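What follows is a set of notes on a single structure, which appears directly below.
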Amino acid sequence: QVHLVESGGGLVQAGESLRLSCLASGGIFSINAMGWYRQAPGKQRELVATISAVGSTNYADSVKGRFTISRDNAENTVYLQMNSLKPEDTAVYYCNAELRTTAWAVQLEYWGEGTLVTVSS
């Protein structure tokens with residue numbers, strides 16, 4: 001059974017940094033794209049950043065230049081380095097992965113349960 005587990009969230013002040021990690025485990029054959037999404041109170045979930053299996057990245061305009069997504073394919077882990085954090089970055093951050101559990105399985109999308117990031121002003 002596939003699990004995505006996020007870690008690294010917490011409470012920081014504006015201007016500080018945090019690094020989120022997400023480990024995918026449990027019978028994984030291959031992982032395609034991985035990504036981070038976030039949902040602030042009262043708002044819809046939105047894309048933060050994605051990274052392909054070969055390292056191509058995509059960022060929301062609101063985080064470009066401040067956040068960096070990376071991955072370790074050998075460890076099935078994706079990271080999000082968040083610098084110069086702002087109060088508007090406050091949200092629950094969710095990890096996402098598109099993966100196959102076997103060579104013949106359909107590629108499915110999996111989500112973690114989220115980690116809370118709170119940025120105080």
Inset, instruction - Kindly indicate whether any position in the range 98-113 is among the hydrophobic types (A, V, I, L, M, F, W, C), on the phi < 0 side of the Ramachandran plot, open to solvent by less than 60 Å² (accessible area, probe 1.4 Å) and assigned to a strand (DSSP E or B). - result: yes
Legend entry - Count of residues meeting criterion [under 16 Å from residue 67 (Cα atoms) and free of Cβ contacts under 8 Å to residues at least 40 places away in the same chain] in the range 1-49: 3
Inset, instruction - Select, from 71, 66, the only residue that is more than 14 Å from residue 115 (Cα to Cα), of a type in the set (Lys, Arg) and surrounded by 18 or more Cβ atoms within 10 Å (Cβ to Cβ). - result: 71
Legend entry - In the range 68-86, the residues that are outside any strand (DSSP E or B) and among the hydroxyl-bearing types (Ser, Thr, Tyr): 84
Inset, instruction - Please determine, by comparing only the residues of the range 8-53 that are closer than 15 Å to residue 118 by Cβ and in a strand (DSSP E or B), which one is most open to solvent (accessible area, probe 1.4 Å). - result: 11
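The values are calculated or read from the model by the stated rules, or taken from the named source; none is laboratory data. Treat the numbers as computed from the prediction; the structure is a model and nothing was measured. Neighbour counts are summed over all protein chains in view; Cβ atoms, including those assigned to glycine, are modelled from backbone coordinates with ideal geometry. Accessible surface areas use protein heavy atoms only, side chains included; no ligands, DNA or RNA. Shrake-Rupley method; radii C 1.70, N 1.55, O 1.52, S 1.80 Å.
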